[in-house]
């Protein structure tokens, strides 16, 4: 009897289970997702600063399941047209990357981008005015009270009160070194002094967030202490010296709203509090086929930049111990690197103190041993 | 007819004065409890010298239940055969002939040519009634007696009640045949009819009740209560036809009334009568998804339905995200859905009113009912508090799934929780003839957790107190106070660092006074005032443990007051043309204390342009909206069973449900209209054609509608509604249009009954600011989340016998629109996913077949407990209908998934009982 009851409970429970939990989740990949069209993506703008070149990268969208790199759009004709008749032609420098050498622009002109793809489609952006970006007044930083990170601020102003909308992007570079120093290396069958210093490297990263600011609420066009980025100590970027190159772009209101909307499109979906999916394209349309979308916003502005160094020496790196002391013949068998030579007392045959590559070779952490030209 | 008369003449001529030799009538006594006709005959024959001639086979399943004391046989037989197709004749030799249809003429006509032909008229329905009910025989005198009655009209009013339970009979027609004057009883069973003085015959009809009449002598205004007997199906097998012409006769369009009897025939997911799921089979009513909370009526969103339970607003009418309706079926009397003509007494929502009424408890005796299913159990008790005066009705329902889940050994199962309960109570008390009081209370609670992760919980709580007062025969009023609370909470503790508690609440207090005034036979006026005070707590977000790094956050509470005054006239221009015209004026005040965000003038309302705040003190009017609402409807009878109706309605809505997830879920936020969010305005024009066939047993209707909605809220791409302090920036005001055609064929009588409903409808939205970069679909119209053009429901029920009935349902609808991510690209060094234009694609179509069988116990009226078994299979074909489609990024790759909640056939068994 007891067993029977138990079975009954089990069955009933299973029914509940089926109902609430075994609700089946199946992959869902309808044609609109898997066979989505590949649209043109335009990434870049016209830099009207004196002596500056402009770059536009053309690629194609991928379907969301595609794990490869985006397909570059080759052999397109990329031109910028002014509304007063000027015309500039970009040249394809690398696959899908088009360059325009510095030129003299009439800043009262409005410009638009025209793209003719090798496939015969023609795209055109709206006319955009040239926004003159005011120079960056200063870059500052502050270490937060718990010494957990550094905040970088930008200050700027436009005395003519015209700019109002700003975007900042930045490139970060930081110096770091490894806990162990390798003084020797094996070249062929010989142990020689290491020709390059692999202890100190410089790593670089580009901003992946969009930083925007506006002064429309203010009576004067002054940006004060706008946060550009926060660098946590845990990132390891602040251990030796950190440098940030902040680029400032003045924007039109349309472009500002475009970047703002774009910043909200994230890769994340499926959580409880997801935002509504956004459909953002930009200001470029396809003339030959209106159903053909194009992504990107073509803008024209002068560009200002400034560099800041932070040498607060925050955070500690890993500590490493040498792994072993080996004879010269054993060195050839080892996968470790040679730190230093050691001649035991009463011996003429040197032995070598070894360390793991992970503790020794800074290049393994993504950096380069070439000191950047701007480093000081 | 002629032939019969001729024959009758012939027979009467031949028989001569046979009448004179008739034996004296013998009186019958006896208690006939649940006996077969054969047995009955045996008993009568033993008692008297009557001898019966009848077809024993055909009459074998006729069972009798009655008590007879000193009655002539004719009276007894009239009762036996009432409402059956059988009739009887008794000749002078006391021979009884039972025949089907026409009675045998037992006399021959007199041979005297001067004498008029004598025909023996079988006791017709009227005669039977007369014999049966003394109330019907009696001449009721109304008003003080006078010898000479002055000409003119007087008003007779009173209650129509169920003779057994004392419950009011709602919607019963009380009328005169000539001149044709009639009214229907209101929700209290109250009627008031102004008719010419003098001797009249009042007829009373209602669904499920025996037709009756009262003979009255109307001297002046007065009161007459009428008790009706329920038609007990066990005794007879005839179709109940009373009141079935409402389809054609009423002005109201798009109004569907479902009684609990209809509700009980529909097989449902858990074998339990489910109100909302039945409402969903009505044309024009849809749900976004299988497990969603909301109803979408005629292209309206889920928040545009006013759901009332005994006058209290219900914010979330379902359990467990819509798996069950939150009302105990045993508590319910009926539900009325208004989707085109919305009476002026209702307001505040654009799309529909779902008016749910509970029964009154039994005023005569203590009874109970309940059901035990695999997952839920329910029990309802009712009885008199003061006999014939007041009664109570209390019901509870719960699930034991929690306990079952825990008993499972599997880790994933026994960590999950799914539980809910609801308790409701209703007390009705008749203070005296002029005053009655009703009190209703309700409480429900839900909580569930899937795979031990996020815990969802919500509570509904409401109470209403109603006092009904009859001022005089022409004017009565009801005064209602109600309070509703709805709360939800979400808690997550999977990741201790992110453990949070999120909660939301809404509280509403309302009061209203409603009056009904019978101006004269042609005009009936409804008028009244109402006011609602809202207090919303839009959200608090708290760390769940000391470990949690969640920063506490709370949104400021908001308050509002919605008031309205209305008047409506029902004007019977002629028997063919009936008009109803109503005006409702509503006003909404958004009240302090509140801190209102300010934005830079001249720029879009966007976080980008936020510019400080302004603080308002408590009670201060921050913003006021208001305006008139028109409610017009007309019916024109083209012929007795064919009517054309038209209606035009405008409505205003001041409270909105913000939801940007794909399906309505209890996590959605209610929001009042404020400085930035304008009230939603709707207007609808509808035209319909209604035809009843085969003596009102088949109803056919075609309705078309076109609807405009202004200031409907949709959401800006990329914005979250979750704990958003600048919620106005995440919203786009849109204009909506919805149109459609609804076809319905309904047969509610006979062995095979049910309905077929088909709807073609569209529901489209367009941003009001079409040039804004945030306007979805480039400022063009786009389908709303619940735009499902084709929708077909077939509900069928076949009664194999008195004890077995089979039901089969079929539902089909076009898949819901969704916005898929259709690609990704890299700009400015970061990868972006892009979506199609809003709602440009559809998930697969939905279809489902359900079957159920009802097995009743035997039909003895008097026994300890009546029981029935329901065996049901939900989703018989096991189709995996996607109820939701979502996308997740795993390892940098976006993957799409479809979730089907009821992906396989779900059999259930329920035992229902009544005692």
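Among the residues of segment A:309-318, is any in contact with a helix residue (DSSP H, G or I) (Cβ under 8 Å, 6 or more places away or on another chain), within 20 Å of residue A:190 (Cβ to Cβ) and surrounded by 15 or more Cβ atoms within 10 Å (Cβ to Cβ)?
no
Specify which of the listed residues (A:237, A:220, A:247) is at negative phi, under 18 Å from the mean Cα position of the chain (by Cα), assigned to a loop (DSSP other than H, G, I, E, B) and at pLDDT 85 or above.
Numbers: A:220 fails: under 18 Å from the mean Cα position of the chain (by Cα); A:247 fails: assigned to a loop (DSSP other than H, G, I, E, B).
Of A:237, A:220, A:247, the one residue that is at negative phi, under 18 Å from the mean Cα position of the chain (by Cα), assigned to a loop (DSSP other than H, G, I, E, B) and at pLDDT 85 or above is A:237.
Tell me yes or no: at least one residue of segment B:588-609 is within 23 Å of residue B:740 (Cβ to Cβ) and either in the same structural domain as residue B:488 (by TED's automatic domain parsing) or at pLDDT 90 or above (or both).
no
For segment B:470-486, enumerate the residues that are in a strand (DSSP E or B) and over 25 Å from the mean Cα position of the chain (by Cα). Give the steps one after another, and end with the answer.
As a first pass, look at segment B:470-486 and keep what is in a strand (DSSP E or B): B:470, B:475-486.
Those that are in a strand (DSSP E or B) and over 25 Å from the mean Cα position of the chain (by Cα): B:470, B:475.
State all residues of segment A:45-70 that are more than 9 Å from chain B (Cβ to nearest Cβ) and surrounded by 18 or more Cβ atoms within 10 Å (Cβ to Cβ); if no residue qualifies, say none.
A:45, A:46, A:47, A:48, A:54, A:56, A:58
For segment A:81-124, name all the residues that are within 16 Å of residue A:47 (Cα to Cα), within 28 Å of the chain's Cα centre (by Cα) and touching a residue at least 40 places away in the same chain (Cβ under 8 Å).
Scanning segment A:81-124 gives A:97, A:98, A:99, A:100, A:101, A:102, A:111, A:112, A:113.
What is the number of the single condition among (1) in a strand (DSSP E or B); (2) assigned by TED's automatic domain parsing to the domain that holds residue A:308 that residue A:92 does not meet?
Tallying (1) in a strand (DSSP E or B); (2) assigned by TED's automatic domain parsing to the domain that holds residue A:308, residue A:92 fails exactly one: (2).
Yes/no per residue for (1) assigned to a strand (DSSP E or B); (2) in contact with a helix residue (DSSP H, G or I) (Cβ under 8 Å, 6 or more places away or on another chain):
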residue: B:619; (1), (2): no, no
residue: B:637; (1), (2): yes, yes
residue: B:676; (1), (2): no, yes
residue: B:687; (1), (2): yes, no
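With respect to residue A:182, determine if the residue is surrounded by 18 or more Cβ atoms within 10 Å (Cβ to Cβ), assigned to a loop (DSSP other than H, G, I, E, B) and in contact with a strand residue (DSSP E or B) (Cβ under 9 Å, 6 or more places away or on another chain). Give the derivation first.
Working: surrounded by 18 or more Cβ atoms within 10 Å (Cβ to Cβ): yes; assigned to a loop (DSSP other than H, G, I, E, B): yes; in contact with a strand residue (DSSP E or B) (Cβ under 9 Å, 6 or more places away or on another chain): yes.
It is true that residue A:182 is surrounded by 18 or more Cβ atoms within 10 Å (Cβ to Cβ), assigned to a loop (DSSP other than H, G, I, E, B) and in contact with a strand residue (DSSP E or B) (Cβ under 9 Å, 6 or more places away or on another chain).
Taking into account only those residues within segment A:255-271 that are more than 7 Å from every other protein chain (Cβ to nearest Cβ) and surrounded by fewer than 20 Cβ atoms within 10 Å (Cβ to Cβ), which is modelled with the lowest pLDDT?
In this case the residue turns out to be A:271.
Considering (1) at pLDDT below 80; (2) surrounded by 14 or more Cβ atoms within 10 Å (Cβ to Cβ); (3) touching a strand residue (DSSP E or B) at 6+ places or on another chain (Cβ under 7 Å), say which one residue B:95 fails and leave the rest.
(1)
Failed condition for residue B:815, given (1) at pLDDT below 85; (2) within 14 Å of another protein chain (Cβ to nearest Cβ), with all others met?
It is condition (1) that residue B:815 fails.
Taking segment A:185-217 on its own, how many of its residues are assigned to a loop (DSSP other than H, G, I, E, B) and within 13 Å of residue A:340 (Cβ to Cβ)? Before you say what the answer is, go through the steps one by one.
Here is the first cut: in segment A:185-217, the ones assigned to a loop (DSSP other than H, G, I, E, B) are A:188-189, A:194-199, A:207-210, A:215-217.
When the remaining residues are screened for being within 13 Å of residue A:340 (Cβ to Cβ), the result is A:194, A:199.
Total meeting the criteria: 2.
Only one of (1) part of a loop (DSSP other than H, G, I, E, B); (2) touching a residue at least 24 places away in the same chain (Cβ under 8 Å); (3) closer than 18 Å to residue B:833 by Cα fails for residue A:67. Which number is that?
(2)
Which ranges mark the helices (runs of 4 or more DSSP H) fully within segment B:160-279 that have 2 or more residues being at pLDDT 70 or above? Spell out how you get there, then give the answer.
On the way: elements: B:246-249, B:260-265, B:275-279.
Output list reads B:260-265, B:275-279.
Kindly evaluate residue A:76 against the criterion of being more than 16 Å from residue A:225 (Cα to Cα) and assigned by TED's automatic domain parsing to the domain that holds residue A:208.
Values: more than 16 Å from residue A:225 (Cα to Cα): yes; assigned by TED's automatic domain parsing to the domain that holds residue A:208: no.
No; evaluated as a whole, the condition is false for this residue.
Quick test for you: out of B:815, B:829, B:857, pick the one residue that is within 26 Å of residue B:283 (Cβ to Cβ) and surrounded by fewer than 19 Cβ atoms within 10 Å (Cβ to Cβ). Steps first, please.
Details: B:829 fails: within 26 Å of residue B:283 (Cβ to Cβ); B:857 fails: within 26 Å of residue B:283 (Cβ to Cβ).
Step by step, each of B:815, B:829, B:857 is checked, and only B:815 is within 26 Å of residue B:283 (Cβ to Cβ) and surrounded by fewer than 19 Cβ atoms within 10 Å (Cβ to Cβ).
Looking at B:791, B:828, B:787, which is the one that is closer than 26 Å to residue B:730 by Cβ and away from chain A (no Cβ under 14 Å)? Please lay out each step first, then the result.
On the way: B:791 fails: closer than 26 Å to residue B:730 by Cβ; B:828 fails: away from chain A (no Cβ under 14 Å).
Just one listed residue meets the conditions, B:787.
For segment B:837-855, enumerate the residues that are closer than 21 Å to residue A:34 by Cβ, without any contact (Cβ under 8 Å) to a residue 40 or more places away in the chain and either assigned to a strand (DSSP E or B) or facing chain A (nearest Cβ under 7 Å) (or both).
B:841, B:842
Taking the residues in segment B:756-782 that are surrounded by 21 or more Cβ atoms within 10 Å (Cβ to Cβ) and either more than 14 Å from chain A (Cβ to nearest Cβ) or under 23 Å from the mean Cα position of the chain (by Cα) (or both) as candidates, determine which candidate is farthest from residue A:280 (Cα to Cα).
The selected residue is B:757.
Kindly list the number of the only condition in (1) closer than 30 Å to residue B:836 by Cα; (2) more than 9 Å from chain B (Cβ to nearest Cβ); (3) at pLDDT below 90; (4) more than 26 Å from the chain's Cα centre (by Cα) that fails for residue A:77.
Among (1) closer than 30 Å to residue B:836 by Cα; (2) more than 9 Å from chain B (Cβ to nearest Cβ); (3) at pLDDT below 90; (4) more than 26 Å from the chain's Cα centre (by Cα), the lone unmet condition for residue A:77 is (3).
The values are calculated or read from the model by the stated rules, or taken from the named source; none is laboratory data. Worth saying up front: this structure is predicted, and the values here are computed from it rather than measured. For neighbour counting, all protein chains shown are included, and Cβ atoms are generated from backbone atoms with ideal geometry for every residue, glycine included.
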